[in-house]
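The values are calculated or read from the model by the stated rules, or taken from the named source; none is laboratory data. Not measured: the values here are computed from a predicted model. In this analysis, Cβ positions are derived from the backbone assuming ideal geometry, glycine residues included, and neighbour counts consider all displayed protein chains. What goes into the accessible areas is simple: the full protein's heavy atoms, side chains included, and nothing from ligands, DNA or RNA. Shrake-Rupley method; radii C 1.70, N 1.55, O 1.52, S 1.80 Å.
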Amino acid sequence: LQVRHDPHRVYLQNIALHPEFQNKGMGTTLLNDVKAAAMVRKVPLELAVFRTNDSAQRFYERHGFLKTGESKTHIEMSWRDALR
């Protein structure tokens, strides 16, 4: 797990789980911890996911992230529930 706490956002740089630990709720647990940190600070949680990683895009969409931009290689996404 790599997270950067910037002044006006929390930026999720990477969640990487060994395949034997995937699809067991660990990614969701880690993500919920990062969401909680954003909520405490009342800032958005942002990330970029590889365009080719459809399963990661679906994972983040299931967890309330919306697409906010894109580059040639990445889809930028943001979770803003912390701002409510």
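Residues that are more than 18 Å from residue 10 (Cα to Cα) and in a loop (DSSP other than H, G, I, E, B) within the range 23-80 comprise 23, 24, 25, 51, 52, 53, 71, 72, 73, listed in sequence order.
Here is a yes/no grid of residues against (1) basic (Lys, Arg); (2) open to solvent by 50 Å² or more (accessible area, probe 1.4 Å):
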| residue | (1), (2) |
| --- | --- |
| 5 | no, yes |
| 33 | no, yes |
| 37 | no, no |
| 58 | yes, yes |
| 61 | no, yes |
| 67 | yes, yes |
| 70 | no, yes |
| 83 | no, yes |
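Counting only residues that are part of a loop (DSSP other than H, G, I, E, B) and open to solvent by 80 Å² or more (accessible area, probe 1.4 Å), which one in the range 7-21 is farthest from residue 61 (Cα to Cα)? Taking the candidates together, the pick is 7.
In the range 6-28, the residues that are closer than 17 Å to residue 53 by Cβ form Cβ pairs under 7 Å with partners that are surrounded by 10 or more Cβ atoms within 10 Å (Cβ to Cβ) and charged (D, E, K, R), at six or more places apart or across chains, as follows: 13/4.
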